[in-house]
Amino acid sequence: MFRKLLLFKFAPESKDLALLFLRVIAAVNILLKHGLEKVLDYQGMYLRLSANHFYVIPLGVGISLFCATVADAILTVPLALGLATRWCALLCFVNLAVAWSMVGHFIYNDPHNFIGSTHGELVVSYLASLIALAFAGGGKYSIDTLIDR
């Protein structure tokens, strides 16, 4: 009995259901927090990023913001549905990793911030979710599975 309780054997095990939850929750969160922000205030974000003298990227602000908008607002929809899951997750991962390095400068906790957080833990969670989906795929409950049949 203790072994069954310890190993959580009383609950059904489903890796595919776990991938569904991971895929939908990560994609919808990125879409709502980062994608809609870019779509609804694209010009404002462009102006803020252009004015930031510390923001240096070889592609320039326009192209990098466009790529970020595509990844955060467009690719998260098929990711949530499980369509081209591995590609969408990988491209979203690359976009977020570049943004965190170029804009966020890999800051996890800001020592100058009294609370001590710049939401780095959220970025790390997104990155972990996206790379897991890039390796694992969408699972049984995805459009990818329907296409593969």
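Of all residues in the stretch 35-47, at least one satisfies being buried (at least 18 other Cβ atoms within 10 Å of the Cβ), under 28 Å from Thr145 (Cα atoms), without any contact (Cβ under 8 Å) to a residue 60 or more places away in the chain and in contact with a helix residue (DSSP H, G or I) (Cβ under 7 Å, 6 or more places away or on another chain).
Within the stretch 59-68, can one find any residue that is modelled with pLDDT under 95 and under 24 Å from Ala132 (Cβ atoms)?
Of all residues in the stretch 59-68, those modelled with pLDDT under 95 come to 59-68.
Restricting the remaining residues to those that are under 24 Å from Ala132 (Cβ atoms) gives 67-68.
Yes, the stretch 59-68 has at least one match.
The residue that is nearest to the chain's Cα centre (by Cα), counting only those in the stretch 105-132 that are hydroxyl-bearing (Ser, Thr, Tyr) and modelled with pLDDT of 90 or more, is Tyr126. Within the stretch 59-69, being assigned to a helix (DSSP H, G or I) and free of Cβ contacts under 8 Å to residues at least 12 places away in the same chain holds for Ile63, Phe66. Considering only residues in the stretch 70-104 that are modelled with pLDDT under 85 and either part of a helix (DSSP H, G or I) or at positive phi (or both), the one that is surrounded by the fewest Cβ atoms within 10 Å (Cβ to Cβ) turns out to be Ser101. Checking each residue in the stretch 1-31 for being surrounded by fewer than 12 Cβ atoms within 10 Å (Cβ to Cβ) and either at pLDDT 90 or above or under 22 Å from Leu79 (Cβ atoms) (or both) picks out only Lys15.
The values are calculated or read from the model by the stated rules, or taken from the named source; none is laboratory data. Quantities reported herein were computed from a predicted structural model and do not represent experimental measurements. Don't worry about glycine lacking a Cβ; one is built from the backbone with ideal geometry, like all the others, and counts go over all protein chains shown.
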